[in-house]
Structures are given as C-alpha cells and as structure tokens.
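The values are calculated or read from the model by the stated rules, or taken from the named source; none is laboratory data. Just so you know, these numbers come straight off a predicted model, no measurement behind them. Here the Cβ positions follow ideal geometry from the backbone for every residue, glycine too, while neighbour counts run over all protein chains shown.
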Amino acid sequence: MDPKGKRSRLLPRLPKGGAAVLIFLLAAAAAPAQEQVFTVRMTGSAEGAGASARKLAVDDAQQQVLIEAIRSVTGMEDLTPFKAILGHASGYIQRYDLLRCDVDASGTRVEIDAHVLEKPLRQDAAAVMLPRLPRKPSVLLVVAERVMPDAPVRVGGGDAAKTLREGLEKYGFTLSGPEEVADVYPAARLAEITAGGVETGSRLARENMYDVVITGTGSVAQEPLPNAANVLRSRGSVAVRVFSGLDGKMADAMAAEAVVQSVSPEEGGAQVLSDAAAKLIGDTTVSVVLAMLARQEPDSLFVSVEKPGEGGATEELAGQLRTLPGVAGVEMILASPALARLRVQYEGPLAQFADMLHTLSTSAGTVEIRRAVGREITLILK
C-alpha cells in the first residue's frame, strides 16, 4: 500500500495482437478484430460523500490506473514526459467495474477494475518517447519468406523484408539485414532461427550488439479463382517477433494477412507479402521504441573479440577477466571462430577497466582494444 492508501494489482493480460504524424500512421495501419485490453484493479478516494464525491474517487482511481499502466507498458518510473496522456486518463479506459464504495468520516473510497485499451496507450507512449530517445535504435531485421508455396526460402531482401525495412527507416532507425551477420550466421541457420521458437530468436538477440532484433517469416498460399482459370488468389501472411538486444526478451509478437488476385503467381506472391508486411509497420515501430526504453544496468558492459579462432582463446580471456578487480561475473553469450561476445559485470571506472585489458594475453596473442563506445568494447588478439 502506498502513502496515499491506494493499492493496485495488474490482472492477467490478454494476448497482444505526441507526434501527430506517428499516431495517424499507426491508426491507419490496420484495425484489430477486437480491442486489446488489460485490467488493473485500483482504489481511489475523495473528500465528502454523495454522488459527486464518488465520481471524484473514481476519477482518482482511474488516474492511478493510468500511472500503473504506463509504467507497465514502458518500464519507466519517471512519468514526466507523459503529462498529456495522464491528463486524459478516461480516454484510455474502455470501461470500469465499481467493485465497492465505502463512505465514512474521512470521505469516500472506491475500488474499481479498469479495463485499459492497450494499443492506443502503447501507440501514444511510443509517440511521446520517439523524439526523446537518447539515440535512434539500431535494428537487425531477419525475415525468411517464400514468394510462392513451392519457392525456396529467401532470407533477407524479400518483399516483406524490404517493406518492413523501408517503413522503419522512415523513423530514422538504423536497419541491418542478414548480410551484416553472414560471417557467423549462414542463411540456412537464420532460416532455422526465424522458424524456431522464442528461445532461438532470443539467443540471436543476446548474441549480437543491436538494440533491437526482429525476426520474421512470410508464406503464401495460392489457388485458382472459380470461373477464372488464368487468375490466382494469393493469400499471404507475415509474422514477426521483436526482441530487446539488451537481454533477449521478446517485446512483442504480431502477424498480418493480405489477399491479392493476379495472373502471375510470382507477382501475386510478392505483392501479397509486401501488403501483409505493410500492415505491421505501425505496431513494429511502437515495439521498437518501447524496447529501447529498457536501459542497460550501470554495472554491465559487453566485450567483443574479433576473429578469436578455434583454439580456446575466448575461454582463456573470460577466465582472466573474472580475476580482474571489480569484475563480479563474466557470461559467454557468443563463441565462434569469427566473433565472440562476453557480458561482464563490472562496477569500476571504464578507463580503469580498459587499462587492465591491456595487461592480458592469451595463447592467440595479447589483447588490444580496437574501439570502445559507451559500455561496448571491441578487442583483437595480436
């Protein structure tokens, strides 16, 4: 219970499906079949008794509901940027159920279940935070798609991937594709990752240094139209998952479908995949912005080793890092002959950590810092 005597409890969330331009684009993307809501239970209070006092108590509870909902959606404690949203709490609450109303000498106290409209809240929160991000996010986009049912899988460069990439780049995001990670992940491996479960995408996100990783699949089913032998109906679907690069957690999952008619099977498949992907641009943009709001722990940094080879040099380096003053732990998050990455829990000054790195050596050579940006350090072994 907080100092004002209010208590809240987030009830189980239903499955998931500012800048005026962003809001309009998001609203125009695709209307959901039904509203996405989650429920927050909250108490509110007001002085006095009667209908007016009860309304004020409900308003108070709804205000606290929105505070709780914004914190749930964004993970932020400082809600100063959301002042405009907080000023219109009732606009994000589909309805509320009055569970109880108590009146005593101290005033009126109510308890409600408020059903919060999730999608508008996420969209407006993202619109508020997009221009306030400390930097525009770097995004790795990997989509494996088939333009026709019997066509080979194409990883990157397909119509769904192109449409998503162009849409996200309009917001200033830095997009990279499979070609950027080809040294470590061949196309066949990336196809397996996109077709796999959440854990495979999460591992890809943890192993790379992008702010956000998006994996996706696209498929097309085709059938001839009745009484039109030369015309095909192509039904395409695109599904994407959005992962935080910080910890690999899945921030969102979504899918969309489209239907087109065409004479050419290949052209129809290409168009339907592009149309389905276009419907996801708005929600994907929101997910990228909200994923960026998660901040790296101040005692965590990442060390990358370029071309460590196969002789166990990375394991040697990890063992030496664990012995350095101020290092609380070292986690190997990627190990390959072309590239290795380690997450290091370190509580000291970064300059001191860099100085200590220069004293280390492995069987593959001595440690040399190639670059250090923020809490990301890239090494080579010479």
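Just the residues that are buried (at least 16 other Cβ atoms within 10 Å of the Cβ), within 27 Å of Met250 (Cβ to Cβ) and among the hydrophobic types (A, V, I, L, M, F, W, C), please, taken from segment 49-92. Val65, Leu66, Ile67, Ala69, Ile70, Val73, Met76, Phe82, Ile85 - these are the residues of segment 49-92 that are buried (at least 16 other Cβ atoms within 10 Å of the Cβ), within 27 Å of Met250 (Cβ to Cβ) and among the hydrophobic types (A, V, I, L, M, F, W, C). The residues in segment 261-276 that are over 15 Å from Thr163 (Cα atoms) and buried (at least 20 other Cβ atoms within 10 Å of the Cβ) can be counted, and the count is 1. Consider segment 345-372 and keep the residues that are polar (S, T, N, Q) and within 17 Å of Gly326 (Cβ to Cβ). The one that is surrounded by the fewest Cβ atoms within 10 Å (Cβ to Cβ) is Thr359.
Of all the residues in segment 283-309, those that are modelled with pLDDT of 85 or more and within 13 Å of the chain's Cα centre (by Cα) number 10.
Put simply, of Asp283, Asp275, Asp252 the only residue that is part of a strand (DSSP E or B) and over 26 Å from Thr378 (Cβ atoms) is Asp252.
Filtered by the rule that a residue be assigned to a helix (DSSP H, G or I) and either closer than 22 Å to Val263 by Cβ or touching a Leu at 6+ places or on another chain (Cβ under 7 Å) (or both), segment 164-179 gives Leu164, Arg165, Leu168, Glu169, Pro178. The residue that is nearest to the chain's Cα centre (by Cα), among those in segment 327-338 that are modelled with pLDDT of 85 or more and surrounded by 16 or more Cβ atoms within 10 Å (Cβ to Cβ), is Val330.
Collect the residues in segment 310-324 that are surrounded by fewer than 16 Cβ atoms within 10 Å (Cβ to Cβ) and either at pLDDT 90 or above or of a type in the set (D, E, K, R) (or both), keeping them in residue-number order. Hits for segment 310-324 are Glu310, Glu315, Gly319, Arg322, Thr323.
Assigned by TED's automatic domain parsing to the domain that holds Ala270, modelled with pLDDT of 90 or more, in a helix (DSSP H, G or I) and touching a strand residue (DSSP E or B) at 6+ places or on another chain (Cβ under 7 Å), is that true of Arg203? Considered against the rule, which asks whether it is assigned by TED's automatic domain parsing to the domain that holds Ala270, modelled with pLDDT of 90 or more, in a helix (DSSP H, G or I) and touching a strand residue (DSSP E or B) at 6+ places or on another chain (Cβ under 7 Å), Arg203 comes out as no. Tell me whether segment 279-301 contains one or more residues that are acidic (Asp, Glu), surrounded by fewer than 23 Cβ atoms within 10 Å (Cβ to Cβ), within 29 Å of Leu164 (Cα to Cα) and outside the structural domain of Asp355 (by TED's automatic domain parsing). Taking every residue of segment 279-301 in turn, none turns out to be acidic (Asp, Glu), surrounded by fewer than 23 Cβ atoms within 10 Å (Cβ to Cβ), within 29 Å of Leu164 (Cα to Cα) and outside the structural domain of Asp355 (by TED's automatic domain parsing).
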